[in-house]
Amino acid sequence: MGWPPKNFPSRPNPHPPSPVYPYVNRYEGFEEFVRARGAALSRTAYLLCGDHSAAEELVQDSLARAAGHWRRIVNTNPEGYVRKIMVNQHTSWWRRVGRRERPYADLTAVMEGGRDDAQVTTERLALVTALAALAPKQRAVIVMRYYEDMSQAEIAEVLGVTTGTVKRNTYDALRKLRALLPTLDLEPEAGR
(Lines give C-alpha, C1' and ligand atoms only; values in the text may rest on other atoms or scores of the structure.)
Protein backbone atom coordinates (compact mmCIF):
# COMPACT_ATOMS: atom_id res chain seq x y z
CA MET A 1 0.00 0.00 0.00
CA GLY A 2 1.53 3.31 -1.09
CA TRP A 3 1.14 6.75 0.26
CA PRO A 4 -1.23 8.48 -0.12
CA PRO A 5 -4.00 5.89 -0.09
CA LYS A 6 -6.31 5.84 -3.09
CA ASN A 7 -9.24 7.30 -1.14
CA PHE A 8 -7.12 10.14 0.37
CA PRO A 9 -8.62 13.52 -0.54
CA SER A 10 -6.28 15.54 -2.69
CA ARG A 11 -5.80 19.29 -2.56
CA PRO A 12 -4.75 21.38 -5.50
CA ASN A 13 -1.02 22.00 -5.55
CA PRO A 14 -0.36 25.69 -4.70
CA HIS A 15 2.88 25.41 -6.67
CA PRO A 16 2.09 24.04 -10.11
CA PRO A 17 4.68 21.78 -11.71
CA SER A 18 7.61 23.53 -13.31
CA PRO A 19 8.50 23.25 -16.98
CA VAL A 20 10.68 20.38 -18.13
CA TYR A 21 13.86 22.25 -17.11
CA PRO A 22 12.87 24.13 -13.96
CA TYR A 23 16.23 25.84 -13.34
CA VAL A 24 17.01 27.09 -16.84
CA ASN A 25 15.76 30.62 -16.12
CA ARG A 26 16.44 30.62 -12.40
CA TYR A 27 19.44 32.94 -12.74
CA GLU A 28 18.28 34.86 -15.80
CA GLY A 29 19.81 38.32 -15.68
CA PHE A 30 22.15 37.53 -12.79
CA GLU A 31 25.29 37.36 -14.92
CA GLU A 32 24.41 40.66 -16.59
CA PHE A 33 23.81 42.22 -13.18
CA VAL A 34 27.21 41.07 -11.94
CA ARG A 35 28.93 42.39 -15.06
CA ALA A 36 27.15 45.74 -14.86
CA ARG A 37 27.39 46.39 -11.11
CA GLY A 38 30.28 44.15 -9.98
CA ALA A 39 32.92 46.88 -10.11
CA ALA A 40 30.80 49.32 -8.08
CA LEU A 41 30.05 46.61 -5.52
CA SER A 42 33.78 45.82 -5.31
CA ARG A 43 34.66 49.46 -4.66
CA THR A 44 32.03 49.69 -1.94
CA ALA A 45 33.29 46.46 -0.38
CA TYR A 46 36.86 47.80 -0.40
CA LEU A 47 35.76 50.95 1.39
CA LEU A 48 33.90 48.83 3.94
CA CYS A 49 36.80 46.42 4.52
CA GLY A 50 39.90 48.46 3.76
CA ASP A 51 41.53 45.40 2.21
CA HIS A 52 41.31 44.13 -1.37
CA SER A 53 41.27 40.42 -0.60
CA ALA A 54 38.65 40.82 2.12
CA ALA A 55 36.59 43.00 -0.25
CA GLU A 56 36.73 40.35 -3.01
CA GLU A 57 35.63 37.71 -0.54
CA LEU A 58 32.82 39.93 0.74
CA VAL A 59 31.52 40.59 -2.78
CA GLN A 60 31.71 36.93 -3.79
CA ASP A 61 29.94 35.78 -0.63
CA SER A 62 27.25 38.45 -1.00
CA LEU A 63 26.64 37.64 -4.65
CA ALA A 64 26.45 33.93 -3.87
CA ARG A 65 23.81 34.63 -1.23
CA ALA A 66 21.90 36.90 -3.60
CA ALA A 67 21.99 34.28 -6.36
CA GLY A 68 20.01 31.92 -4.15
CA HIS A 69 17.22 34.50 -4.00
CA TRP A 70 17.63 35.92 -7.50
CA ARG A 71 14.14 35.08 -8.79
CA ARG A 72 12.62 36.88 -5.82
CA ILE A 73 14.84 40.00 -5.93
CA VAL A 74 15.42 40.49 -9.64
CA ASN A 75 12.33 42.66 -10.10
CA THR A 76 12.79 44.70 -6.94
CA ASN A 77 16.15 46.29 -6.08
CA PRO A 78 18.88 43.67 -6.50
CA GLU A 79 21.75 46.10 -5.97
CA GLY A 80 20.26 47.35 -2.71
CA TYR A 81 19.72 43.76 -1.62
CA VAL A 82 23.36 42.86 -2.35
CA ARG A 83 24.61 45.99 -0.58
CA LYS A 84 22.55 45.11 2.49
CA ILE A 85 24.05 41.61 2.45
CA MET A 86 27.53 43.15 2.18
CA VAL A 87 26.97 45.47 5.13
CA ASN A 88 25.47 42.71 7.27
CA GLN A 89 28.23 40.23 6.35
CA HIS A 90 30.93 42.78 7.07
CA THR A 91 29.32 43.66 10.41
CA SER A 92 29.13 39.98 11.35
CA TRP A 93 32.77 39.47 10.37
CA TRP A 94 33.79 42.54 12.34
CA ARG A 95 31.99 41.25 15.43
CA ARG A 96 33.60 37.81 15.13
CA VAL A 97 37.14 38.90 14.40
CA GLY A 98 37.09 42.13 16.36
CA ARG A 99 38.82 45.36 15.60
CA ARG A 100 42.48 44.92 15.04
CA GLU A 101 44.94 46.86 13.01
CA ARG A 102 45.50 45.72 9.46
CA PRO A 103 48.77 46.92 7.97
CA TYR A 104 48.80 48.15 4.39
CA ALA A 105 51.86 46.66 2.74
CA ASP A 106 51.38 48.31 -0.63
CA LEU A 107 50.60 52.02 -0.65
CA THR A 108 49.85 51.94 -4.37
CA ALA A 109 46.90 49.65 -3.63
CA VAL A 110 45.28 52.53 -1.78
CA MET A 111 45.86 54.98 -4.60
CA GLU A 112 43.36 55.39 -7.38
CA GLY A 113 44.66 55.41 -10.92
CA GLY A 114 48.30 54.71 -9.99
CA ARG A 115 49.40 58.37 -9.73
CA ASP A 116 52.66 58.86 -7.89
CA ASP A 117 51.73 61.85 -5.76
CA ALA A 118 53.03 61.61 -2.20
CA GLN A 119 50.47 64.00 -0.72
CA VAL A 120 47.51 62.17 -2.32
CA THR A 121 48.92 58.85 -1.17
CA THR A 122 49.36 60.07 2.38
CA GLU A 123 45.84 61.52 2.50
CA ARG A 124 44.28 58.38 1.06
CA LEU A 125 46.13 56.14 3.46
CA ALA A 126 45.07 58.34 6.38
CA LEU A 127 41.44 58.27 5.19
CA VAL A 128 41.42 54.48 4.73
CA THR A 129 42.96 54.04 8.18
CA ALA A 130 40.40 56.41 9.72
CA LEU A 131 37.54 54.57 7.98
CA ALA A 132 38.87 51.31 9.38
CA ALA A 133 38.64 52.80 12.88
CA LEU A 134 34.88 53.37 12.53
CA ALA A 135 32.28 50.88 13.67
CA PRO A 136 30.89 48.82 10.75
CA LYS A 137 27.48 50.54 10.62
CA GLN A 138 29.13 53.97 10.78
CA ARG A 139 31.54 53.01 8.01
CA ALA A 140 28.67 51.67 5.91
CA VAL A 141 26.69 54.89 6.32
CA ILE A 142 29.69 57.06 5.41
CA VAL A 143 30.54 54.94 2.35
CA MET A 144 26.96 54.92 1.10
CA ARG A 145 26.42 58.61 1.82
CA TYR A 146 29.61 60.14 0.50
CA TYR A 147 30.96 57.56 -1.93
CA GLU A 148 27.76 56.07 -3.34
CA ASP A 149 25.96 59.45 -3.01
CA MET A 150 22.85 57.85 -1.56
CA SER A 151 20.23 59.84 0.34
CA GLN A 152 19.47 59.19 3.99
CA ALA A 153 16.19 57.51 3.02
CA GLU A 154 17.98 55.20 0.57
CA ILE A 155 20.59 54.27 3.16
CA ALA A 156 17.87 53.59 5.73
CA GLU A 157 16.12 51.30 3.25
CA VAL A 158 19.30 49.39 2.43
CA LEU A 159 20.27 48.97 6.08
CA GLY A 160 16.73 48.33 7.26
CA VAL A 161 16.83 51.11 9.86
CA THR A 162 15.14 54.47 10.36
CA THR A 163 16.46 57.70 8.90
CA GLY A 164 17.09 58.86 12.47
CA THR A 165 19.50 55.96 12.95
CA VAL A 166 21.24 56.87 9.69
CA LYS A 167 21.56 60.50 10.83
CA ARG A 168 22.95 59.46 14.21
CA ASN A 169 25.49 57.06 12.66
CA THR A 170 26.53 59.76 10.18
CA TYR A 171 26.95 62.31 12.95
CA ASP A 172 28.97 59.94 15.13
CA ALA A 173 31.14 58.82 12.21
CA LEU A 174 31.87 62.36 11.04
CA ARG A 175 32.71 63.44 14.58
CA LYS A 176 35.18 60.56 14.88
CA LEU A 177 36.65 61.23 11.42
CA ARG A 178 37.11 64.91 12.30
CA ALA A 179 38.95 63.90 15.47
CA LEU A 180 41.17 61.45 13.58
CA LEU A 181 41.73 63.71 10.57
CA PRO A 182 41.54 67.35 11.70
CA THR A 183 42.87 68.58 8.35
CA LEU A 184 40.13 66.80 6.40
CA ASP A 185 37.56 69.24 5.02
CA LEU A 186 34.18 67.80 6.01
CA GLU A 187 31.34 70.17 5.30
CA PRO A 188 28.19 69.91 7.41
CA GLU A 189 25.66 67.78 5.66
CA ALA A 190 22.52 69.34 4.30
CA GLY A 191 19.55 67.11 5.10
CA ARG A 192 18.78 65.37 1.84
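The values are calculated or read from the model by the stated rules, or taken from the named source; none is laboratory data. Everything numeric in this text was worked out from a predicted model, so none of it was measured. Cβ atoms come from the backbone with ideal geometry, glycine included; neighbour counts cover every protein chain shown.
The rows are residues; the columns are (1) surrounded by 16 or more Cβ atoms within 10 Å (Cβ to Cβ); (2) touching a His at 6+ places or on another chain (Cβ under 7 Å); (3) among the basic types (Lys, Arg); (4) at pLDDT below 90.
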site: Ala126; (1), (2), (3), (4): no, no, no, yes
site: Leu131; (1), (2), (3), (4): yes, no, no, yes
site: Leu134; (1), (2), (3), (4): yes, no, no, yes
site: Arg139; (1), (2), (3), (4): yes, no, yes, yes
site: Tyr147; (1), (2), (3), (4): no, no, no, yes
site: Lys167; (1), (2), (3), (4): yes, no, yes, no
site: Thr170; (1), (2), (3), (4): yes, no, no, no
site: Leu184; (1), (2), (3), (4): no, no, no, yes
Worksheet, complete the sentence: Given (1) at pLDDT below 85; (2) part of a loop (DSSP other than H, G, I, E, B); (3) closer than 27 Å to Thr170 by Cβ, Ser92 misses just (2)
Response to the item:
Reported set for segment 124-156 where residues are under 12 Å from Thr44 (Cα atoms) and either in contact with a strand residue (DSSP E or B) (Cβ under 7 Å, 6 or more places away or on another chain) or assigned to a helix (DSSP H, G or I) (or both) is Arg139, Ala140, Val141, Ile142, Val143, Met144, Arg145, Tyr146, Tyr147
Practice prompt. Consider only pairs whose beta carbons are under 9 Å apart and that are at least six residues apart or on different chains; among these, list those whose first residue lies in segment 159-173 and is outside the structural domain of Val87 (by TED's automatic domain parsing) and whose second residue is surrounded by 15 or more Cβ atoms within 10 Å (Cβ to Cβ) and part of a loop (DSSP other than H, G, I, E, B).
Written response: Asn169/Ala135; Asn169/Val161; Asp172/Leu134; Asp172/Ala135; Ala173/Leu134; Ala173/Ala135
